[in-house]
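S.K.: Sharing a structure here in structure tokens format.
The values are calculated or read from the model by the stated rules, or taken from the named source; none is laboratory data. Since the model is a prediction, treat every value here as computed from it, not as a measurement. Glycine gets a Cβ as well: all are built from the backbone with ideal geometry, and neighbour counts include every protein chain shown. Remember, those area values only see protein heavy atoms, side chains included, never the ligands or the DNA or RNA. Shrake-Rupley method; radii C 1.70, N 1.55, O 1.52, S 1.80 Å.
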Amino acid sequence: MPAERPNILIVMADQLAPAFLPIHGHRVVKAPNIAALAASGIIFDSAYCNSPLCSPSRAVFMTGQLPSRSGVYDNAAEFRADVPTYAHHLRNLGYRTILSGKMHFCGPDQLHGFEQRLTTDIYPADYGWTPDWDNPHERPDWYHNMSSVIDAGLCVRTNQLDFDDEVTFAAERALYDIARSNDKRPFLLVASLTHPHDPFAIPERYWTLYRHDEIDMPGPAAPKGELDPHSLRLRHVCAMDAQEVSEAHIRNARHAYYGAISYVDENLGRLTQALRETRLADSTIVLFVSDHGEMLGERGLWFKMTFFEGGARVPLIVSAPFLFAPRRVAASVSLADILPTLVELAGGDAAGLDGTIDGRSLRPHLERGAGHDEVIGEYLAEGAIAPIVMIRRDRWKFIHSPADPDQLYDLSADPRERDNLATRPDHAGRVAEFRAEVSRRWDLAALDVEVRASQRRRRLVNAALSKGETRSWDFQPFTDAAKSYVRNTIPLDDLEAMARFPRVAAPLPEGDGQG
């Protein structure tokens, strides 16, 4: 029977575009554990991130606040300690809150409401990756370049594999510890992996799941003369034109990316298997999601940082068959909706969050398949020279920046976003309505001033903190060895009870006795 307040397991991938999953129609990628989870859950066919870059997207995911509200503009913007997250809310509701893996928190607070953090992060917590809108023609030397694609292929080991193996082991172990523990609080456990994020390298075990000749290729690249200004800037900031990218490079990168998805799928399977073995599956909501997508060569673009479908859409599955019947949801939703959803599922009052967040609860979609159909997005990081905002509603996607021409796409008629309708006379009224909405929602001139001021402050602080004796904000996991394994500080009966699961041994099968 499900608990009065369900447990919650969130498994987060990094840079996983839903277009490459079998549950969304891909015919090559193998992801049986994701498919099994989807078969028992609600699949959101039109889920989006709100800012297509790691740190700002994850901050929206945790706070329900857009970057313009939280101040997490880019991958080196401080996530302030006074911004409530779903971990704070659920902890107040009596939940045990645990994080294993990546969340890319920048700044001194590396917990943000989590009671336990089991691993360090894979990315730095300082201001070193701060963009510079004041010098848009200078390409940052710390950012993506095409080596991820040029050098794509087989590997024996990477630091990303080291990280994700640790993340999954720590989360799996935490589930067994919870099952053996006397702490009966419901739990929120987040296991956040860094695959299939580039670099595109994967061991032979996952590479050989796919024949090289079956790897499908992206659609044709848009001619450079037809690219929108932001796409041209992304080509510059990621040095996409610095080296020739051949068809062989592209196929290798996609092959490795598919293998990395299978690796993520395997780790998801380990965690769902642990739920079953610990008898927690029937009282645990499992949520599978990514922070943003990956263009993977579509339109001639790589990585993310764009509101095109490949960069901005994310997979989202919510599996709780003891609460909700499996179904597919067509309405557009976003990561900003996760916080109010979790608060409601944990027994809290999401209505009390009105005015403090930018998301809306997905509970109506989960229960009835009907709810809001709207995503609001902001991109305020590298490759931009002014705020870029996005409105996704019904069949339409509208992208606006004071620095660039507008973009309007009819995603029902043009899912690959090849036909920009913004300059068509027959769509002038719709563009005018969207522009009026942008003016109501944002003061983009003021936002531009604040983003630039934030960048300047952080560059100055980072330069100062890099001199002389330095102190890192990177999270250092703490293990209390006095409470690990067998210790004289723990009564033997208590220790034995905590050491084994299940606590009462099952009878041996016939023929397995000794003697």
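S.K.: Which residues in region 67-86 place their backbone N less than 19 Å from a point set 7 Å from the Cα of residue 120 along the Cα-to-Cβ direction?
M.R.: Flagged as within label range: 76.
S.K.: Can you give the accessible area per residue of region 306-446, in Å², using a 1.4 Å probe?
M.R.: 39
S.K.: List the residues of region 361-405 whose backbone N lies under 18 Å from a point placed 7 Å from the Cα of residue 433 along the Cα-to-Cβ direction.
M.R.: 372-376, 390-400
S.K.: What percentage of the solvent-accessible surface of the chain, computed with a 1.4 Å probe over protein heavy atoms, is contributed by carbon and sulfur atoms?
M.R.: Percent of accessible area from carbon and sulfur atoms in the chain: 51.
S.K.: Determine, from the Cβ-Cβ distance of residue 479 and residue 39 and an R0 of 22 Å, the FRET efficiency 1/(1 + (r/R0)^6), rounded to the nearest 0.05. Don't skip to the end; give the middle numbers.
M.R.: Numbers: r = 38 Å, r/R0 = 1.71.
That gives a FRET efficiency of 0.05.
S.K.: Also, quick follow-up: So, in nm, how far is label residue 440 from label residue 499 when the simple model puts each one 7 Å beyond its Cα toward the Cβ?
M.R.: 6.6
S.K.: Which aspartates and glutamates have a Cα lying under 20 Å from the Cα of residue 30, excluding residues fewer than 8 positions away in the same chain?
M.R.: Straight-line reach from residue 30, under 20 Å: 14, 45, 164, 165, 198, 204, 213, 214, 216, 265, 266, 294.
S.K.: Give a quick list of trypsin sites (Lys or Arg not before Pro) in region 403-471 that DSSP marks as loop, anything other than H, G, I, E or B, with at most 10 other Cβ atoms within 10 Å.
M.R.: Sites meeting the loop and neighbour criteria: 467, 471.
S.K.: Here's something else I'd like to know. Under 16 Å Cα to Cα from residue 467, which aspartates and glutamates show up? Leave out anything in the same chain fewer than 8 places away.
M.R.: Output for residue 467: 126.
S.K.: Could you give the length gained by full extension between residue 30 and residue 471, i.e. 0.36 nm per residue of separation minus their alpha carbon distance, to one decimal place? Intermediate values should be presented prior to the final figure.
M.R.: On the way: separation 441, 0.36 × 441 = 158.76 nm, distance 4.36 nm.
Computed gain between residue 30 and residue 471 is 154.4 nm.
S.K.: A further question on this structure: Computed from these coordinates, which is mean projected area of the Cα convex hull in nm²: [x] 23.5; [y] 29.7; [z] 27.8?
M.R.: Entry [z].
S.K.: Near residue 483, which lysines are there with a Cα under 20 Å away, not counting those fewer than 8 places off in the same chain?
M.R.: 184
S.K.: Assigning unit charges at the beta carbon (Lys, Arg +1; Asp, Glu -1) and nothing else, what dipole magnitude in debye, to the nearest 20, does the chain show about its Cα centre?
M.R.: Taking the Cα centre of the chain as origin, the dipole is about 600 debye.
S.K.: Could you please put 277, 294 in sequence from largest to smallest accessible area, using a 1.4 Å probe?
M.R.: 277, 294
S.K.: So, with +1 on the Cβ of K and R and -1 on the Cβ of D and E, and no other charges, what is the size of the charge dipole of region 80-236 about its Cα centre, to the nearest 20 debye?
M.R.: Charge dipole of region 80-236: 640 debye, to the nearest 20.
S.K.: Between residue 412 and residue 224, take the C-beta separation as r, use R0 = 35 Å, and let me know the FRET efficiency to the nearest 0.05.
M.R.: It comes out at approximately 0.80.
S.K.: Then there is this: Taking the Cα centre of region 411-503 as origin, work out the dipole magnitude from +1 charges on Lys and Arg Cβ and -1 charges on Asp and Glu Cβ, in debye rounded to 20.
M.R.: Around 380 debye, computed over region 411-503.
S.K.: Ordering 361, 231 by how much accessible area each has at a 1.4 Å probe, largest first, what is the list?
M.R.: Ranking 361, 231 by accessible area, largest first, yields 361, 231.
S.K.: Quick check: the distance between the Cα centres of region 381-441 and region 177-203, to the nearest angstrom?
M.R.: Centre-to-centre (Cα) distance: 37 Å.
S.K.: What's the FRET efficiency of residue 424 with residue 213 using the Cβ-Cβ distance as r and R₀ = 41 Å, to the nearest 0.05? Walk me through the numbers on the way to the answer.
M.R.: Working: r = 41 Å, r/R0 = 1.00.
It comes to 0.50.
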